[in-house]
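Colleague: First the structure, which I've put down as structure tokens, then a few questions once you've had a look.
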Amino acid sequence: DTFLPGITRQCMAYVRAVKGLTRKCLVLDLDGTLWGGIVGEDGPEGIRLQRTGPGSEYYEFQGAILGLLNRGVILAVNSKNNQEDALQVIREHPDMVLRECQFASIQINWSDKASNMRAIAEDIGIGLDSLVFLDDSPVERAWVRHALPEVAVYDLPADPADYVQFLQELTDFEVLAATEEDRQRGAMYATER
């Protein structure tokens with residue numbers, strides 16, 4: 001009985017891969033998703049992001065996302081923020097695992113997130129049906145689901161400490177066999193940007 005959800009996930013991953021239904025790009029919000037707090041209010045020094053203690057759940061989550069990049073998943077940012085503040089964290093925060101050079105598209109502005117999703121798909125040159133969107137805001141998730149039903153939008157767990165397990169159970173990026181070219185894909189798109 002306790003094995004059934006895990007077996008179901010593995011079967012779904014296999015079916016997606018066989019049918020060519022895997023997705024290519026993980027699109028991430030920033031505040032509350034890649035770090036705790038709101039950079040525009042808390043400042044780059046006040047966000048929760050560190051290797052140990054409070055904020056370590058975000059550090060670990062970023063490490064798990066880096067693992068996806070190393071498997072060939074393309075990464076992108078879709079955030080309502082002051083671009084300068086957010087990029088300062090991405091570029092300079094000592095415990096930031098993911099850096100600017102690892103994202104194939106970065107949309108940090110005050111536009112609606114559905115418009116930014118379209119811009120990300122266009123930047124990268126992939127279809128909207130290749131995108132998976134993670135955002136801690138139920139309002140933003142609902143808007144993207146409504147405006148762009150082709151995009152896979154998932155509800156993150158309420159507790160950021162559960163983000164890593166959630167990501168590990170996501171089957172959208174599974175492939176039957178990863179080639180060296182597949183493993184380099186995410187880095188290649190980021191380099192092109």
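Colleague: Scan region 82-103 for residues that are in a loop (DSSP other than H, G, I, E, B) and either under 19 Å from Leu69 (Cα atoms) or touching a His at 6+ places or on another chain (Cβ under 8 Å) (or both) and jot them down.
Modeller: Asp95, Met96, Val97, Leu98, Arg99, Phe103, listed by residue number.
Colleague: Of the conditions (1) under 25 Å from Glu122 (Cα atoms); (2) open to solvent by 40 Å² or more (accessible area, probe 1.4 Å), Glu41 fails just one. Which one is it?
Modeller: Tallying (1) under 25 Å from Glu122 (Cα atoms); (2) open to solvent by 40 Å² or more (accessible area, probe 1.4 Å), Glu41 fails exactly one: (1).
Colleague: Which of the following residues is surrounded by 15 or more Cβ atoms within 10 Å (Cβ to Cβ) and among the polar types (S, T, N, Q): Ser111, Ser130?
Modeller: Every option except Ser130 fails the conditions.
Colleague: Could you run through region 102-128 and say how many residues are under 30 Å from Asp159 (Cβ atoms) and among the acidic types (Asp, Glu)?
Modeller: The number of residues fulfilling the criteria is 1.
Colleague: Looking only at residues in region 54-77 that are assigned to a loop (DSSP other than H, G, I, E, B) and modelled with pLDDT of 95 or more, which one is surrounded by the most Cβ atoms within 10 Å (Cβ to Cβ)?
Modeller: Within region 54-77, the match that is surrounded by the most Cβ atoms within 10 Å (Cβ to Cβ) is Val73.
Colleague: In region 133-143, how many are over 14 Å from the mean Cα position of the chain (by Cα) and either surrounded by 14 or more Cβ atoms within 10 Å (Cβ to Cβ) or within 19 Å of Ile65 (Cα to Cα) (or both)?
Modeller: Of region 133-143, the ones over 14 Å from the mean Cα position of the chain (by Cα) are 138-140, 142-143.
Restricting the remaining residues to those that are either surrounded by 14 or more Cβ atoms within 10 Å (Cβ to Cβ) or within 19 Å of Ile65 (Cα to Cα) (or both) gives 140, 143.
Of the residues in that region, 2 qualify.
The values are calculated or read from the model by the stated rules, or taken from the named source; none is laboratory data. Keep in mind that this is a model prediction, so the values were computed, not measured. All Cβ positions, even for glycine, are placed from backbone atoms using ideal geometry, and neighbour counts span all protein chains on display. SASA here: full protein model, heavy atoms, side chains in, ligands and nucleic acids out. Shrake-Rupley method; radii C 1.70, N 1.55, O 1.52, S 1.80 Å.
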